[in-house]
Structure formats: C-alpha cells, structure tokens
Amino acid sequence: MEKQDYIKYWIKTSEDDLSSMESNFNSGNYDWALFIGHLSLEKILKALYIKNNTSDIPPRTHNLKKIADEAQYPLSEDESMQLLEINDFNLEARYPDYKFDFHTKCTKEFAEGYMKRIKELHQCIASQI
C-alpha cells in the first residue's frame, strides 16, 4: 500500500465511527457513543500522523493528546483540554471498574455536548489532511 492508501484507510474508518457514534446515541447507548467518538478522533489523528511523518504506521496508543502531538497537530489550549477529557471515554466505557460510573454519568445531554465537541475536533483535524 502507498502512503495515501493508509491515510484513506484511517479517514474512512474514522468517518464510519462517526456514523456508528450517531447510531449508538440514537439507540440510547450514550456511553458507547462517546467511546466510539474517541475511536473516531483517534483514527483521524492517525491519518494526520501518517501524512505528517515518514512512517506509515501510527503510534500504538489510544492517547489522543500524544497522537496529536506526534501528528504535529497545532492544538489550542482548549483543544488540548478537550482531548484529555475525551481520552477518559476510552477507559471509562471499556473497563468494568469504571464502566458503571461512566454509564450513570452519560445522560443524553452529557453525550450530546461531547458529541458536538468530537465532531468539531474531527472536522478541524480532517481539514489538516
């Protein structure tokens, strides 16, 4: 595969995850919607990483801030804080010791607010590719 093929792969799977985020939200699965929103940002950042680096293999981490830094994405202070908050969705939705508390916290309004931020961040990052 060529570099552009890897980038297209990460963009496509990221966009698929945005759609899945919406579907989960519409089904009332707010915690999973946010978990998948995290994955979507992770994947779009990995596409940017590949674009801006010589390697076609992005970092093997789920830490959005770390990937953004290595992808050379110029984060504002607000974006940096948002990525750090969204990072928690990866752990809180996945691991049993966090999952119940996160599920309880994930009201429709809570999820809507973060989904809006996820979509905005996704669009900003995608514009750099």
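Each value in this text was obtained by applying a stated rule to the coordinates, not by laboratory testing. These numbers come from a predicted model, not from an experiment. All Cβ positions, even for glycine, are placed from backbone atoms using ideal geometry, and neighbour counts span all protein chains on display.
Order these peptides, 29-42, 116-129, by their mean beta-carbon neighbour count within 10 angstrom, highest first.
Working: 29-42: 23.6, 116-129: 16.1.
Order by mean packing, descending: 29-42, 116-129.
What percent does the relative contact order of the chain come to when contacts are Cα pairs within less than 8 Å and at least six residues apart?
Here the relative contact order equals 30 percent.
Using R₀ = 22 Å, calculate the FRET efficiency as 1/(1 + (r/R₀)^6) where r is the Cβ-Cβ separation of Ser127 and Asp56; round to 0.05.
My answer for the efficiency is 0.55.
Top mean-square fluctuation among Ile57, Ile11, Ile67, Gaussian network model of the chain, C-alpha springs under 10 Å?
Comparing Ile57, Ile11, Ile67 in a Gaussian network model of the chain, the most mobile one is Ile57.
Mean Kyte-Doolittle hydropathy of -1.0 or higher plus an axial Cα length of 30 Å or more: which whole DSSP H helices in the chain meet both?
Within the chain the helices that satisfy the rule are 30-52.
May I ask which of Lys8/Lys105; Lys3/Lys46; Lys8/Lys66; Lys46/Lys105 have a Cα-Cα span longer than 24 Å here?
On the way: Lys8/Lys105 35 Å; Lys3/Lys46 12 Å; Lys8/Lys66 21 Å; Lys46/Lys105 29 Å.
Where the Cα-Cα span goes over 24 Å, the pairs concerned are Lys8/Lys105; Lys46/Lys105.
Quickly estimate the mean residue ellipticity at 222 nm for the chain, helices only: each DSSP H run with n ≥ 4 gives -39500 (n - 2.57), and the total goes over all residues, rounded to 500.
One gets -25500 deg cm²/dmol as the mean residue ellipticity at 222 nm.
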